[in-house]
Every structure is written in C-alpha cells, then in structure tokens.
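The structure follows.
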Ligand code: F0G
C-alpha cells in the first residue's frame, strides 16, 4: 500500500514574529557576549534550539484552560483537574505540584536521600545529580556501554545495564540505596529511550532488594512513542496504554512539566507510598507552597492537565519525533556528523568528528555552537568539556567521552523550513571548518561555569 506523507496534526492560530540579523551583527553580538550563547538576547536569535524545556507552544485548549484557572489557595479546582489527569495517566496515587522538575527532585530527595547514600540510574540529568551530590550522596551511572559510542545504532540506548545495577546495589548494601532513578527518555545520553523490557527488569531487581524505583519522567511520552514503534509487542497498543504500563513497574515519578506536558513552567511528584507522601508534603510546603498549588498558579495547573492529554496522543508524537528525525536525516545527507540513533527531543552534533583538529582542551563543541550562531542565527547548547566542568578536588578539566552540540527542538514551535535553516548553517560551518580555532576560558565561576563563562579565540 502506498504510504501517505505525514503532516502536523494541528494548524497555526497565532504567531510570534522573529527576525533575522546579518552575519556582521551576529559576530558583534557574540563577541560582546564573551563567546557564550547564554549571554545572547533571545531577540537576536533566529532559530532557538537552546532547549526544549518550557519553550513549547500551548494549544487553544490550553489557553482556554488558562482563563478557567482556579486561583484558590487551598483545594483549587485546577489542582484536582491536574491530579485526576495524573492519576488516570500514570496510576500513581499521590500528587504534589512543584514549580518545575528540579523542585520535585529537591522535595522528594529531601525525604528520601541521606548522606553517603548511593543512587544508581542511567546518566542522571545535571540537576538530579546536583540534588543527590548536594546531600553528600553519590549518583552511580549504570547506563549500558553502547550509550558511549555515538555510532552504534541501538534502539534503546537509555537502558540500564542490569549487571552493573545489581553489582552497585550489592556493593552499597540495599539499605544504603534509597531509590533507583530511571530517566525516560535519557536526556544526558542523547534523548535516548528506555525499553519496556528494561523497565520491567530494573523493576524486578528493585523489588528483589526492596528499593523504590523512581522515574525521571520529563520526556515520558516520547519514550512511550519509541516503545510503540521499536519494541516487539507494542505496535498495536495506544500511547496511553504504554504510559500506564511503564509507570506500573515503578513506585513514583518526578516530572518537569516543561517538556512533555507542553507548558512553560511547572512540575510534580507522583507516588504510591503514603508515608513517603506525608514526608514529602512537609518539604513541599516549606520549599514550594501549599499542597494544592506547590509553586504553580491555578491556571498553570489547568494548562498542565490539558498538555498531558495532548502529548500522549500518537499523531502529535509522530509529527514531533519525525521533525527531530527530519533534521537528523538532512544533516546526515549533508555529511554532518550526528549522534545515532536520533533522540526524541534533540539532534546532537559530534564535535570531535566535526572539528578533529581542535583538541577537547580547547572546547570544540563550544566553537561549533558559536560558529553556527554566526552563520545562521541558530542557537544550540554545548554538552561537552565546558559543561563537564572541573574535578572538585584536583580542579582539572573533566573530559567527557562525547563532545556534543545539542540542538533541542521546542514542541509545536518551528516548521521544517526552520530545520532547513539549521542544516544550511551547519553546512556553512563545515565549509569553513579548517579555518576555525579553539578557545581559552578567560572567566569562569567556581561551579556551573557553562552559564556564565567567557572565552577568547586562540
Ligand atoms: N530531568 C530531566 C531529564 C531534564 O531534562 C530536566 C531539565 C530536569 C529533570 C529538570 O527539570 O528544568 O524543570 O527543573 N532539562 C532541561 C534541558 C533544562 O534543557 O534539558 P527543570
């Protein structure tokens, strides 16, 4: 049968103008910004692929829900709308709203993690790791080895290596492991999904040692889509059925609603254990707000509820993930080195291959980000040596295995013509790559240096 082409399952009701600048203007702007893309005004960016977090476009139904938000301090109607949607979608009983994902981590870990604990997972996200290490506990990365090779075409590169996980729990002693964190999809590993088989197996190990399994669920719907199209036995299941099954193997979740709930701010914790819910509630009131708003306004919670329903529809996810893959395929066609397979929310340029003459000590992925901005006004983000920062004890640079420029695609925001602009920019950088030089840092903060560092071209 002839395959029909796909198109977005929505049309555009309202638009936001963006403007293209000249290359001369951009060179001036990036110089003034100390060669750091975080210091550029968003107005001076044409296609902004810095993050897919909080940058999505809400639907007409979400905007309508905003008007109906109930701003009552306690027992708001919008809270119950959100809570019921989460109960129905995930099966988790207790829900605590928070202002974003890292706030959910802060609250949950305040109740769960003690000094010296070991928290295994699959390439914990930076803030997750930060909240673990802040409590003088240790995040142990148990991701499968294939994740470290940008060329291996494994369908579920976010999977946890079961032997590593079991060994980590055995060595630590189960009583020192407050939870296992399974990140779906795995952002730090390149937006790579986790298979249902892996979730089931990790869950069995957690049950064996009586350790709670918590999902870092920022991109759970995108993970469910990959299970549907890549894993045997799931082709005929709906996304909502897959989501329900994924969460049925765990004890709780933290959520950054800025991703797969398609809102600009918000997050939550959802868990089954009543005692843990009670412990978290105290921290939620202290850090976030009362139990039925936790850092969000009523209208935010109302829009979040609608967003969760919209993002768990196959047609939406298909167009979303196909757009990411479109950019990946087009870059590959033009000979640009990209991480494979393509992730759910972003395409990653392999800076070591793109700029082989620039050593990691001279920040090649940062160079790539600056050049792409100069050529086309496109903003990505460095996921390499700048982000990896210094060893806290030796103060030496840490050199990660992968040196990447992430191009994260906001949900429902750009067209494929914008993607073509990105491809064009990358081609221009490629043509000129032999003339590009490395960088030296001229200023850096003692921690989280990537946000504010300044650079000089060598
Ligand atoms: N977990 C994952 C997997 C994430 O990707 C993020 C955020 C968080 C937790 C924290 O959520 O930002 O709402 O506090 N990722 C963003 C990004 C910042 O650009 O990838 P938050």
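If neighbour count is taken as other Cβ atoms inside 10 Å, put 296, 419, 448 in order from fewest to most.
Ascending number of Cβ neighbours within 10 Å: 448, 419, 296.
Between residue 11 and residue 390, what length comes free when the chain is fully extended (0.36 nm per residue of separation minus the Cα-Cα distance, one decimal in nm)?
Extra length available between residue 11 and residue 390 comes to 131.8 nm.
As I understand it, the value is the acute angle between the Cα axis of helix 416-431 and the longest principal axis of the Cα atoms of the chain; what does it come to in degrees, rounded to 10?
Long axis of 416-431 versus the principal axis of the chain: about 50 degrees.
With an 8 Å Cα cut-off and a minimum separation of 6 or more residues, compute the relative contact order for the chain in percent.
Relative contact order, the chain: 23 percent.
Sort 251, 149 so that the residue with the fewest other Cβ atoms within 10 Å of its own Cβ comes first and the one with the most comes last.
149, 251
Further question: When each pair of different Cα atoms in the chain is counted once in the 1/r mean, what is the Kirkwood radius in angstroms, to one decimal?
Computed over the chain, the radius equals 22.7 Å.
Same structure again: If I fit a long axis through the Cα atoms of helix 77-90 and take the longest principal axis of the Cα atoms of the chain, what angle between them do I get, 0 to 90°, rounded to 10?
The angle comes out at about 90 degrees.
Beta carbons within 10 angstrom, averaged per residue: use that to sort the peptides 351-362, 284-295, highest first.
284-295, 351-362
So for the stretch 111-219: antiparallel DSSP bridges make up what percent, rounded to the nearest 5?
Of those bridges, close to 20 percent are antiparallel.
Count the DSSP beta bridges whose two residues both fall in the stretch 60-310, then state the antiparallel fraction as a percent rounded to the nearest 5.
50
Something else about it: Using alpha-carbon pairs under 8 Å, 6+ residues apart, how would you state the relative contact order of the stretch 370-412 in percent?
Relative contact order comes out at 38 percent.
Here's another thing I want to ask about it. Compute the separation of the alpha-carbon centres of the stretch 283-335 and the stretch 205-278 and state it in Å as a whole number.
Between the Cα centre of the stretch 283-335 and that of the stretch 205-278, the gap is 13 Å.
Taking only C-alpha pairs under 8 Å that are 6+ residues apart, what is the relative contact order of the stretch 60-310 in percent?
Across the stretch 60-310, relative contact order equals 33 percent.
Would you mind classifying the stretch 1-159 by shape? Square roots of the alpha carbon gyration tensor eigenvalues, ordered a ≥ b ≥ c; an a/c under 1.5 is rounded, otherwise it is prolate if a/b is larger than b/c and oblate if not.
Taking the square roots of the gyration eigenvalues as a ≥ b ≥ c, the stretch 1-159 is rounded.
A follow-up question, please. Between residue 38 and residue 60, with labels modelled 7 Å along Cα→Cβ, what's the label distance in nm to one decimal, could you check?
Here the modelled spin labels are 4.0 nm apart.
Mind checking the angle between helix 220-230 and the chain's longest principal axis? C-alpha axes, 0 to 90 degrees, to the nearest 10.
With both axes taken from Cα atoms, the answer is about 80 degrees.
When the chain is fully extended, how far beyond the present Cα-Cα distance does residue 209 get from residue 166, taking 0.36 nm per residue of separation?
The span from residue 209 to residue 166 would gain 14.6 nm if fully extended.
Can you tell me the order of 97-104, 15-22, 115-122 when each peptide is scored by its average per-residue count of other Cβ atoms within 10 angstrom, highest first?
Listed from highest to lowest mean packing, they are 97-104, 115-122, 15-22.
Ok, one more. Percent antiparallel among DSSP beta bridges with both residues in the chain, to the nearest 5?
Of all bridge pairs located within the chain, approximately 65 percent are antiparallel.
So if I take the centroid of the Cα atoms in the stretch 1-64 and the same for the stretch 113-131, what is the distance between those two points in Å?
If we compute the Cα centre of each part, the gap is 32 Å.
Can you give the calculated 222 nm mean residue ellipticity of the chain, where each DSSP H run of n ≥ 4 adds -39,500 (n - 2.57) and the sum is split over every residue, rounded to the nearest 500 deg cm²/dmol?
After summing the helix terms and dividing by residue count, I get -12500 deg cm²/dmol.
Give the peptides 301-310, 65-74 in descending order of average Cβ contacts within 10 Å, highest first.
Listed from highest to lowest mean packing, they are 301-310, 65-74.
Let me ask something additional. Order by neighbour count: 83, 93, fewest other Cβ atoms within 10 Å first, most last.
Fewest-to-most ranking of 83, 93: 93, 83.
Right, something else. Under a point spin-label approximation (7 Å from Cα along Cα-to-Cβ), what is the residue 236-residue 24 distance to one decimal in nm?
For the pair residue 236/residue 24, the computed spacing is 6.5 nm.
Throughout, read-outs are computed from the coordinates displayed, never taken from laboratory work. This one's a predicted model, so the numbers in the text were calculated from it and none came from an experiment. Reconstructed Cβ throughout: ideal geometry from the backbone, glycine too, with neighbour counts over all protein chains shown.
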